[in-house]
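K.L.:
Quick one: this structure, given as structure tokens, is what I'll be asking you about.
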Amino acid sequence: MSFSPRDFRDCLGQFATGVAVVTTRANDGTKAGITINSFASVSLDPALVLFSVDFRAATHDLFTGECTRFCINILRQEQQALSDAFSAPGQHGWDKVAHQDDCHSVPRFDDCLATFSCKRHAIHDGGDHSIIVGRVQEISLGETGNPLLYYGGRYRALDRE
Ligand SMILES: Cc1cc2nc3c(=O)[nH]c(=O)nc-3n(C[C@H](O)[C@H](O)[C@H](O)COP(=O)(O)O)c2cc1C
């Protein structure tokens with residue numbers, strides 16, 4: 001490898017993304033969520049999307065194990081605090097966001113730009129991450145607004161609509 005991990009991260013950071021929180025519920029009833037920016041669309045028919053989850057994340061074994069249903073909540077610009085809360089240890093974001101259970105008891109944020117309710121379709125090897133492919137079962141488009149963006153290792157906002 002002719003580059004350092006720092007240089008690799010810096011290059012990856014040049015790809016601007018949105019930010020989402022992937023939510024699920026464990027078999028014991030506990031809610032779990034993780035902030036991600038690895039969301040990508042995969043296929044239109046069937047409707048497939050993906051995200052990747054770090055092996056070291058507390059939620060990794062849920063998303064690759066018992067939690068076969070999850071919801072991907074695309075964050076608004078005003079929801080940076082949720083991104084921070086769900087990227088910190090302890091699952092303290094839940095009291096910061098109104099949410100409802102979908103018909104499979106998966107918590108879904110009330111007010112975000114869009115949500116994708118998914119059933120796990122596949123898990124792929126992604127090095128130190130697992131790539132989770134979800135088959136989209138339901139979608140919901142929120143009120144229009146601006147996305148929370150992540151670029152160069154920090155949050156950004158659209159400067160033009
Ligand atoms: C903007 C942003 C994007 C992130 N994207 C991912 C991601 O795609 N996959 C991932 O595993 N972790 C991602 N993380 C890190 C996780 O959110 C964080 O490390 C994880 O929730 C830590 O959880 P734990 O303390 O419960 O282990 C991201 C964090 C931020 C702030």
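K.L.:
I need every pair where a residue in the range 82-96 that is closer than 16 Å to residue 60 by Cβ has its Cβ under 6 Å from the Cβ of a residue that is polar (S, T, N, Q) and surrounded by 13 or more Cβ atoms within 10 Å (Cβ to Cβ), sequence separation at least 6 or different chains.
P.N.:
Within 6 Å, the pairs are 86/35; 87/35.
K.L.:
Which of the residues that make up the range 80-92 are more than 10 Å from the ligand (Cβ to nearest atom) and either over 13 Å from the mean Cα position of the chain (by Cα) or surrounded by fewer than 20 Cβ atoms within 10 Å (Cβ to Cβ) (or both)?
P.N.:
Residues satisfying the conditions are 81, 92.
K.L.:
Within the bounds of the range 136-157, is there any residue that is in contact (Cβ under 8 Å) with a residue 40 or more places away in the chain, within 15 Å of the chain's Cα centre (by Cα) and closer than 21 Å to residue 28 by Cβ?
P.N.:
Checking the range 136-157: not a single residue is in contact (Cβ under 8 Å) with a residue 40 or more places away in the chain, within 15 Å of the chain's Cα centre (by Cα) and closer than 21 Å to residue 28 by Cβ.
K.L.:
Consider only pairs whose beta carbons are under 6 Å apart and that are at least six residues apart or on different chains; among these, list those whose first residue lies in the range 9-28 and is in contact (Cβ under 8 Å) with a residue 60 or more places away in the chain and whose second residue is among the charged types (D, E, K, R) and not in a helix (DSSP H, G or I).
P.N.:
From residues that are in contact (Cβ under 8 Å) with a residue 60 or more places away in the chain, the pairs are 25/31.
K.L.:
Please work out which one of (1) within 15 Å of the ligand (Cβ to nearest atom); (2) outside any strand (DSSP E or B); (3) surrounded by 15 or more Cβ atoms within 10 Å (Cβ to Cβ) is the condition residue 70 fails and give its number.
P.N.:
Status for residue 70: all satisfied but (2).
K.L.:
Can you tell me which of 78, 161 is at pLDDT 95 or above, of a type in the set (Asp, Glu) and more than 18 Å from residue 60 (Cβ to Cβ)?
P.N.:
78 is the lone residue from the list that is at pLDDT 95 or above, of a type in the set (Asp, Glu) and more than 18 Å from residue 60 (Cβ to Cβ).
K.L.:
Kindly evaluate residue 156 against the criterion of being under 28 Å from residue 9 (Cα atoms), within 13 Å of the ligand (Cβ to nearest atom) and of a type in the set (Lys, Arg).
P.N.:
Spelling it out, residue 156 is indeed under 28 Å from residue 9 (Cα atoms), within 13 Å of the ligand (Cβ to nearest atom) and of a type in the set (Lys, Arg).
K.L.:
Sticking with this one: Kindly indicate whether any position in the range 12-21 is surrounded by 14 or more Cβ atoms within 10 Å (Cβ to Cβ), of a type in the set (A, V, I, L, M) and either more than 12 Å from the ligand (Cβ to nearest atom) or assigned to a strand (DSSP E or B) (or both).
P.N.:
For the range 12-21, residues surrounded by 14 or more Cβ atoms within 10 Å (Cβ to Cβ), of a type in the set (A, V, I, L, M) and either more than 12 Å from the ligand (Cβ to nearest atom) or assigned to a strand (DSSP E or B) (or both): present.
The values are calculated or read from the model by the stated rules, or taken from the named source; none is laboratory data. Keep in mind that what you see is a predicted model, and the values were worked out from it rather than measured. So basically every Cβ, Gly included, is an ideal-geometry build from the backbone, and we count neighbours across all protein chains shown.
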